[in-house]
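One structure below.
Read-outs throughout are calculated quantities, based only on the coordinates presented, and are distinct from any laboratory measurement. Note that the coordinates shown come from a computational prediction; the quantities given were computed from them, not determined experimentally. Here the Cβ positions follow ideal geometry from the backbone for every residue, glycine too, while neighbour counts run over all protein chains shown.
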Amino acid sequence: MRLLRSLLATVRGLTRRNTIANEIREEMRFHVDMRSEEYLRSGLAPSEARRAAVRRFGNPMVMQDRGYDVRGGGLMETILRDATFACRMLRKHPAFSAVAVLTLALAIGVSTALFSVIDAALIRPVPYPHPEELVTISVSEPRPTQVSRLAPSMNDIRLWRTSTAVFSHIGMGRVAGFSPLIVETNNASQRLTVGSASEDFLEAYGVSPVIGRGFSTDDTREGQPKAALLGYAFWQKEFGGDPGVLGRQIRIQNEATTIVGVLPVGFYDRTVVWEANQWPAAMVDRRGSGTPVIGRLKPGVTAAQAAKLLTDVTPAGSMLARDPVPVRVELDSLYHDETAEYTSTVQTLSYAVGLIVLIACINVSGLLLARGATRHTELAIRASIGAGRGRLVRQMLTESVILAGAGALLGLVLAWLFLDSLVALIPFSLPANSPAQLNVTVLTLSLGLTMVTAVLFGVVPALKLSRVGRNINTILAAGGRSGSAPLSKRGGQMLIAAEVALALVLLAGSGLVLRSFSKLLAVDLGFTTDDVVTVEVEPVAQNSEVRRQYYAALTEAYRALPEVAAVGMLDQLSLGGGHSYSFPQADTGTRIQGPLRTISPGFFEALGVRAIAGRLPEESDVAAADAAIVDVASNDKFFAGGAVGHTLKMPTMAGKTPRFLRIVGVVPNLRLSGPEYRVQPEAYFLPDWSTETLDQGAFSMVVRLRPGVSFSGERFRKVADGVGPKVVIGKIQSLSDIQGERVSTQRNRTLLLSLLGGFGFLLTLVGIFSVTAYAVTRRTREIGVRVAFGATRTHIIGTILGDAVWPVAIGVLVGLAAAYYGTTVLTKFLFETTARDPVTLAAVASVLGIAAVLAAWLPARRAATLNPVTALRAE
Amino acid sequence: MTRTNSDQLHGTLDMLVLKALEAGPLHGYAVAVRLEALSHDVLSVEEGSLYPALYRMERREWLSSTWSVTDTGRRARFYRLTRTGRSQLEAETASWARLTGAVASVLKA
């Protein structure tokens, strides 16, 4: 619509322009008529009078032109004329135009994709108004040995509400729970992401239910009926958007929960249900729950003022029952916290894409200079018939803008086609409510970039070439043969050097992430992932006895399958890449500080792990549940290599009988959380169903298949469903898939940076090739003369290559220096690789150097095979 | 080559055109004839350059123009001073007077 309107406006402008032109012509004709009548009266012959009047008036065409320029419409006209001419020039050199447009399309396409990711991740990720007012709040207890930062307690929050006026809303909650919960509606039982909130938490986000009400303080009291809010999408899907859903019940972790409202669309859509947090009375004044506290500052209150006011009213605290110390309240920007994950990655990608854009601009610059050299005659003629330097520059810049525009169009098409696959490679997951897309913001940014590139690559050639005005005569006298005169050889060489330097930095980045990733893949996990399948399954009933019986029966059922070699269990927290901590006390006096994992007999066998000392847990250990296993790291660190036989005292809630475990074996260090995690002292123990707290009671089955048998997820699902109690089955996937997901971020980053590095590499080679090929064309006659005077092929190749080798060498050196300082931005992404890894830098430098020389050698070889007779006749 | 000179010329030409129109609306040719009477040099080379100057001043709203019919019955475009144009003329006349006054006193001294 808008396009149509602007087209119409242009057309109208053109017709208006004709009116103006006619008016000017008529006005000037009147003037000349009047003057010639006067001359006629003074006695001149009619033809003589006319001629004299025109002479006195000046060139009418020139005057009319100057007239347009002032009256408006003239500029538009010039631009259109320039544009038509530019299009004609570009059509006349299809190879040049294709290379230039493709180069630009690549650069602009990649940038557009990046813009859309930046837009999605940083510009519009927040599903709530005024993000600058939102802060996360923590309470710090400074002690001589350490500073603990704790989440404020509910009492803190309620105190701040009544005794200060810094927040318009403040509440505690989590926009997504750590692990999925079982949600039952009339239709289905599912494991879903559930958020939690206190009163005023969603209000702090500025979100209010579309129907029903938010959570009240009563909803958060222990013993009150449980209340839930539905996410919009879940409401539509499970309840068909029925407003009568209010007051109905669903079950979360087998507890009846009343639906009190529905949240608007677009607010953390991955979280399908929100439940009201309920704290036991004893926990209400306990800090350090780990649940974030979010506040919305009143307009005009700064975070620093607020922190001071809050610190003044907040009572001293004592974590872990130590002496109370005065606390400090700290406020951080929520927006900053939420986007921190993206910022560093986006920054790195921006550098890489920026380098590609620069390389592309230099490439096109070189192409324009090269082609411009063959245009000297044309430019000189235009200058001689009155085009000023400004006019020539404008003409050439118009060509640049048209090239950039064509590149941008093609680039946008590329971006549109490949956006999804590129975004899939971005090494982070975008906020659910904010998919990457080509919207107005992105298109505006791309348009801006297109203009910037047009100027970047167009200005230098335009300024250089427009100098023809100074020596029109020489150029025209040479009959267009002296193309080399005003274009210094050094111009092309500087472009080569710059390109090589930029490409080297880019490739060094790609090389480093590749090397880092290969090291990551080479890490020994300590177990084999082949032929291992995991099944996430959990009984709906939140009852220890049901679970104990169910998991035991399921283990037996899987073991009975003919394709199964071994079966064990692992707690779901560990399977998801996390773990629990609870610092068991060893009889040697030390606490074991490291991940604790709950397993069942058969787990190590399923992973193909053998005991290094002692034995693995057996079925006979299950009843007493008092066997523990430690890894080599624990064994070395806490037991001087002799852990077997020692006892561990597990921390328990006050008032319960302490649980003692006997270490029966030592296993190798296992990296269950993925290769990136450093090895830590770990301990494994069996579930104690008599004291087990329910929220850690969900397990995944770990099944080793017999080698070579085919496996059916459906069959495993049926067996898990058929054992007895009602269960919810989550993902059934192979352990190698899970481990693959653990490195997917690094894999994507590596792929993406390699892809970008590859683009830059290719562009650089194309650039060197075209600059050298142009130099060969320019020197055809000179080469012909040399060959005629007896120069050998080797000699010719040497001369041409010599011109390219120096700039490549300089480019490599400058690039190495730049990479030495520049690649440190990658440090935080590298695994066991330093940002200045000499092996990578050396490899990249030699590959690039050799490829660059090869790219120059191809045209050089062509020069050497020139027939001197043809060469002398060239041009 | 002539740009710097013509820039200096613009101001003088503008002032003279405004002066020529002070008495009442004129068409382009009449302005040229009037200027001839006022000064022999300004337009002696290329009369046509009067028109870009007229258009420029019209764009600045010092002048307004309409198509009308001359005494001899021909269609012509007539230019008229606007209020802005009149005050511009006064301002330029004043500053010209100051300048010439200053130059005169220097020469006298």
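Quick one: if you take sqrt(5λ) for each eigenvalue of the C-alpha gyration tensor of segment A:500-633, what semi-axes come out, biggest first, whole angstrom?
Values for segment A:500-633, descending: 37, 21, 16 Å.
State, in angstrom, two size descriptors of the protein assembly as shown derived from its alpha carbons: Rg to one decimal place and Dmax to the nearest whole number.
Just the Cα atoms of the protein assembly as shown yield Rg and Dmax of 41.1, 135 Å.
Compute the signed sum of charges (Lys and Arg +1, Asp and Glu -1) over the other residues within less than 12 Å, Cβ to Cβ, of A:GLY578.
For residues surrounding A:GLY578, the net value is +1.
Among the aspartates and glutamates, select those whose C-alpha is under 16 Å from the C-alpha of A:LYS726, and discard any that sit fewer than 8 residues away in the same chain.
Leaving aside aspartates and glutamates fewer than 8 places away in the same chain, those within reach of A:LYS726 are A:GLU184, A:GLU255, A:GLU536, A:GLU538, A:GLU545.
Considering only DSSP states other than H, G, I, E and B, which GluC sites (Glu not before Pro) in segment A:219-279 qualify as loop sites with at most 14 other Cβ atoms within 10 Å?
Of the GluC sites (Glu not before Pro), the ones in loops of segment A:219-279 whose Cβ has at most 14 other Cβ atoms within 10 Å are A:GLU222.
About its Cα centre, what dipole magnitude does the protein assembly as shown give when the only charges are +1 on Lys and Arg Cβ and -1 on Asp and Glu Cβ, stated in debye to the nearest 20?
Once rounded to the nearest 20, the dipole reads 4780 debye.
Any chance you could list the semi-axes, whole Å, largest first, of the equivalent ellipsoid that the Cα gyration tensor gives for segment A:720-780, using √(5λ)?
For segment A:720-780, the ellipsoid semi-axes come out as 58, 9, 7 Å.
In segment A:178-273, what trypsin sites (Lys or Arg not before Pro) fall in a loop by DSSP, with at most 16 other Cβ atoms inside 10 Å?
Answer in residue order: A:ARG213, A:ARG248, A:ARG270.
What is the fewest-to-most order of B:PHE78, A:PHE115 by other Cβ atoms lying within 10 Å of their Cβ?
With the fewest neighbours first, B:PHE78, A:PHE115 line up as B:PHE78, A:PHE115.
Fewest first, what order do A:PHE517, A:PHE85, A:PHE769, A:PHE201 take by the number of other Cβ atoms within 10 Å?
If I rank by nearby Cβ atoms, fewest first, I get A:PHE85, A:PHE769, A:PHE517, A:PHE201.
For A:GLY578, which sequence-distant residues (separation of 5 or more, or a different chain) have an amide H within less than 5 Å of its own amide H, given hydrogens modelled in the peptide plane?
The answer is none.
For chain A, calculate the relative contact order in percent as a whole number, restricting contacts to Cα pairs under 8 Å that are 6 or more residues apart.
Computed value for chain A: 14 percent relative contact order.
Which one, A:GLY526, A:LEU355, A:THR827, is farthest towards the positive end of the dipole of the protein assembly as shown when Lys and Arg carry +1 and Asp and Glu -1 on their Cβ?
A:LEU355
Tell me the net charge near A:CYS87. Cut-off is 14 Å between Cβ atoms, A:CYS87 excluded, with +1 for each Lys or Arg and -1 for each Asp or Glu.
Summing Lys and Arg as +1 and Asp and Glu as -1 gives +2.
Just to be sure I understand: if I project the alpha-carbon convex hull of segment A:688-817 onto a plane and average over all orientations, what area do I get in nm²?
Averaged projected hull area, Cα only: 18.2 nm².
I need the semi-axes of the equivalent ellipsoid of segment B:11-109: take the C-alpha gyration tensor, multiply each eigenvalue by 5, square-root it, list largest first in whole angstrom.
That gives 28, 16, 11 Å for the three semi-axes.
Taking segment A:598-731 on its own, what percent of its Cα-Cα pair distances exceed 19 Å?
Result: 60 percent of Cα pairs exceed 19 Å.
Taking segment A:725-813, which trypsin sites (Lys or Arg not before Pro) meet the DSSP loop condition and have no more than 15 other C-beta atoms within 10 Å?
In loop regions of segment A:725-813 (DSSP not H, G, I, E or B), the sparsely surrounded trypsin sites (Lys or Arg not before Pro) are A:LYS726.
Dipole of the protein assembly as shown (Lys/Arg Cβ +1, Asp/Glu Cβ -1, origin at the Cα centre): which of A:PHE30, A:GLY665, A:ALA503 lies farthest to the positive side?
A:PHE30
If you find the alpha carbon centre of segment A:156-177 and of segment A:519-563, how far apart are they in angstrom?
Each part's Cα centre sits 42 Å from the other's.
Just to check I understand the Karplus step: with θ = phi - 60° and J = 6.51 cos²θ - 1.76 cosθ + 1.60, what whole-Hz values come out for segment A:100-106, glycine and proline as x?
4, 5, 4, 4, 5, 4, 4
Given the -39500 (n - 2.57) contribution per DSSP H run of 4+ residues, what per-residue ellipticity at 222 nm results for chain A, rounded to the nearest 500 deg cm²/dmol?
-17500 deg cm²/dmol
Tell me the Rg and the Dmax, in Å, that the Cα atoms of segment A:276-419 produce.
Spelled out, the Cα radius of gyration and Dmax of segment A:276-419 are 31.2, 94 Å.
Quick one: which residues, 5 or more positions from A:ILE612 or on another chain, have an amide H under 5 Å from its amide H? H modelled 1.01 Å from N in the peptide plane, none for Pro or chain starts.
Distant-sequence amide H within range of A:ILE612: A:VAL666, A:VAL667.
Whole angstrom only: what separates the Cα centroid of segment A:737-761 from the Cα centroid of segment B:50-81?
Between the Cα centres of segment A:737-761 and segment B:50-81 lies a distance of 70 Å.
How are the alpha carbon pair distances in segment A:602-647 distributed across 10 Å bins from zero to the largest one, expressed in percent?
Taking all Cα pairs of segment A:602-647, the binned fractions are 24, 52, 23 percent.
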